[in-house]
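Heads up, the thing below is written out as structure tokens.
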Amino acid sequence: MSQCKVCRAESGLFLCSRHIKYLEDGLGEIPWLTSELQVTITKRDRLHQVVGHSDQDTRSVINFGASRLHSDVEILLADWVSRLVHDNGLQFLPKYKVPHDFIGPLLLHWSRLPRGYTPTPTRMSRWLAHHVNTAAMREDAGDLYREIIGLTGDPDKPQGYPGRLVAAINRRTKLFAGPCPTPIGYGEQGEEIACAIPLYAVDGQEVVTCKRCRHEVDVQENRQQALKTRDLMTEAQLLETLDTLDEHVPRVTFYEWLKDKQVYVHGYLHEGGIVPKKIRNSDPRVFSLAQVRVLRWQAMQEKVAS
Ligand SMILES: [Zn+2]
Ligand SMILES: [Zn+2]
């Protein structure tokens, strides 16, 4: 009986089933994270213009760091792929693929690889995830685990260091700063109607300018206000809240509204904050409760009228 190299649990392999799963999940996040890192590298200039720091040196230093991290990830993955290929007799091919010069009949759903197939972080991490059980048979499985988790964050310590890839992408994180509170008109009952465009601020930014009404909004104050009203929530929270309010909306209906773009995604929940774009692939979408309540009310009116 061997021990899990991470938690020392008794296991037939060098990783227990929980840590095999964590490793597989970490590898599964790499395609998304590296593509986001690529965005960070190529779009840094534009972001800096928006944020207002156009300092040439800062920009190139951050870009340099991100590019280096990208090549570190490539080297790390290529190293583990070649270890598994050499020591464990595996072939580096995606699932259901054979080399482009393969001769013979192909099985159903299988196909030949394109000529000049090159490994990318996405292909390598998917391949490693597919062979995660073979990796767990290796005595150095703990090293692979630590290197991957070092990139994507340790699931055993969710409040700890988020991992190098997540940290590099997080630097450009913009957080939800609440809907624009600027009054732009009056309703039938004379109540103020706010502009309500979702505002986002980069860490440390004190004032944001609304894209629609061009008003400047205090980030801190508006964020507090938005938290107080607790309007944005994930799908699960939203449907549950509606049930609590006795305003049940069937999930199917909610998806129809989403498909028809009557309901839209206001952002994603990431580590307790709301961000405009996903940082991890698993970050859930958030929706506006108020928007869905209005839609439900309208749907009821239509039903009554027909
Ligand atoms: Zn373990
Ligand atoms: Zn506005």
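Quick look at the numbers
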| item | result |
| --- | --- |
| Neighbour net charge for residue 184 - beta-carbon separation under 10 angstrom, K R +1, D E -1 | 0 |
| Globularity index of the range 240-282, i.e. its alpha-carbon radius of gyration over 2.2 N^0.38 Å | 1.41 |
| Where Rh is the Kirkwood radius over Cα pairs, Rg/Rh for the range 179-306 | 0.99 |
| Interchain or long-range residues, amide H under 5 Å from residue 197's placed H | 180 |
| Estimated FRET transfer efficiency (residue 281, residue 193; beta-carbon r; R0 30 Å; 0.05) | 0.25 |
| Two-site FRET efficiency, residue 262 against residue 306, from Cβ-Cβ distance with R₀ of 25 Å, rounded to 0.05 | 0.90 |
| Peptide ranges 263-275, 206-218, 180-192 listed from the most packed, as the mean C-beta count within 10 angstrom indicates | 263-275, 206-218, 180-192 |
| Extension gain, residue 85 back to residue 246 (0.36 nm per residue minus Cα-Cα distance, nm) | 52.1 nm |
| Mean Cβ count within 10 Å, highest first, over the residues of peptides 246-257, 149-160, 295-306 | 149-160, 246-257, 295-306 |
| Environment charge at residue 6 (Cβ cut-off 11 Å; Lys +1, Arg +1, Asp -1, Glu -1) | +1 |
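Laboratory data are not the source of any read-out in this text; all were calculated from the coordinates shown. Remember, it's a predicted structure, so these values are computed and weren't measured experimentally. Virtual Cβ from ideal backbone geometry, glycine too; neighbours counted across all protein chains shown.
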